[in-house]
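Read through the structure below, which is laid out as structure tokens, and then see the notes.
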Amino acid sequence: RLFIYVFFFFFFFIYLFKVSLSAQEANQFLSRPRRANQVFEETKQGHLERECVEERCTKEEAREVFENDPETDYFYPKYLGELLQLKSFFSIHNRLFFNPTFVSCSSSPCNDRGTVRCEDKKGDFLCHCFTGWTGARCEKDVDECSNKNGGCDHECNNTMGSYRCSCHQGYMLVGRHMCHDVNECEDPGVCGTARCENKEGSYDCLCDIGYVYDNDTKSCVDVDECEAGVCAEECLNTPGSFRCFCDGRQGMKLGQDLRSCKPITPCMFPSLKRNSRSLYLGRMFSGVPVIRLRFRRRIHTGFSAEFDFRTYDPEGVIFFAGGHLNSSWIVLAMHHGKLELQLKYGTVSRVTSSGPIVNDGQWRKISVEEQGRSLVIKIDREAVMKIAVNGDLFTLQKGMHELNLTVGGVPFKEDGLVNQVNPRLDGCMKEWRWLTGEDTSIQETIRSNDNMQCFSTEDPGAYYPGTGFTFFNISYESQNLSVRFSLRPTSGIGVLLALVHQDRVPLSIALADYHPDVPLVSTLVSAPYSGCMEVRVNGQSLDLDQAIYKHNDIRSHSCIVLQLEPQPRITLSLFGDDTAA
């Protein structure tokens, strides 16, 4: 009977859906062993697929499957209704199947990964899910990160059936959710030679100001600030810093910001009034004469000279008169503060010095005159020297009597003098008359050149106009070098003294502007000193005329009158070897 039913349903299906099965599929379907009406069927436990899928079951057969009335009563009416919808008996594999509504736990409908256990219900089943899974079959993962970031401090990473918290770089996970800062500075090598400073989630390798951290070498490297043009003029990079310099020789000094330059302004203005009818004898440091004259007479004339003279200098040449080095000549000079006359007539040489001290800065009238065979020297019209001579200062050249006269120096090397004196003389002359006459061309030259003129009023000392310097080579046996300065500055900035050794300056002493925000060590001074100054080294006054070099504008023994009292004095003791200053 069952065999007839099966064929009936088979042809009925073909009619309804017009499905054509292949020979192989049809053979598989027809060759399935029938399990109904077997001799021992009633001795086996009821099975839903065997009783109601492979065969059409009765309610009693369904009761054998569920073994209780409630589930049987729920199942069987639905089963009869489904038989009328024959489409539900085909699966995609061309097999008859039962609608999932009637699937039980015996067919393992739940997702194995997400299910704790499966519970059969009335014609249905219930999947109990693990934490982290959801859905009817526990097949859906729960995204814990979507709810308050899963409770994680930083990052929440969802996984199948679970989740995992992670921390940002610089933090470490404590427990499952919390992130705590990692103190990288506990590793002594993390910053190398730099200073490590821990901060939230990271750390910094710190260097002192003027240095930058190098990640490759893990060390602090000096920053060359000069490359950024931080200084207005000169810039010197130093370890960890830099220093700006302004050219004081051009009248500039460093500003309060230690970068800009501004003009040096004098703190007082000395009187620079000059006498245009005076002649300054010390204009040329080389010792060469400042004036050269030549007199020519047809008849023999005796020599005479008269002038007003003022000086604080104890030594130097006032004038020379005569022929040349190997002929007759005289030199009037200062030596030890007195007048000295050196003469040479043929093979006869003589030196005479007499009279009062005249290097006191007072004006005196000096005269030298040939009287017969004698030379008479007068100071303020009083004779102080009378020297017998045997010859003439004039020389006869081609019928003319000639005489050369130089002022402020001699026309030959100083070693040609009878008595060695330094020819450089810081002195002033006016109202001169040579050979009872006046050379108007010399007056015009002096009026047009301020440097040839004397200051109207002067004091003793040395005057530094703020341009140039003097250079000495000082040797001393003791290791103790004492230097004393007497200053009357006209500017608040300028170099007083510098010790020089080869190409280095191990010590420099200078006046510098004071400002509470500018440290003195940051304001290197290169501006020459301006004002009056006297220097004593190991108790001896420095005579600027004895310098190896001196700028021509520096007055060695006279200073412009400055109304500045009292005179500041600086005493300094130095220790060292032979040094040039």
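Just so you know, all these numbers are worked out from the coordinates, no wet-lab data involved. None of these values were measured; they are calculated from a predicted model. Backbone-built Cβ (ideal geometry, glycine too); neighbour counts: all protein chains shown.
Figures for the structure shown
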item: Around PHE303: net Lys/Arg minus Asp/Glu count, Cβ-Cβ under 10 Å; result: -3
item: Label-point separation in nm, ASP216 to SER354, each point 7 Å along Cα→Cβ; result: 8.9
item: Cα gyration tensor, the range 191-311 - rounded (a/c under 1.5), prolate or oblate; result: prolate
item: Per-residue Cβ neighbour rank within 10 angstrom, fewest leading, MET334, MET160; result: MET160, MET334
item: Whole-Å distance, taken between Cα centres, linking the range 377-441 and the range 454-471; result: 27
item: DSSP-loop GluC sites (Glu not before Pro) across the range 171-264, with at most 10 other Cβ within 10 angstrom; result: GLU200
item: Formal net charge of residues neighbouring ARG164 (Cβ-Cβ distance under 12 Å; K, R +1; D, E -1); result: -1
item: C-alpha center-to-center spacing [the range 114-130, the range 247-288] in angstrom; result: 109
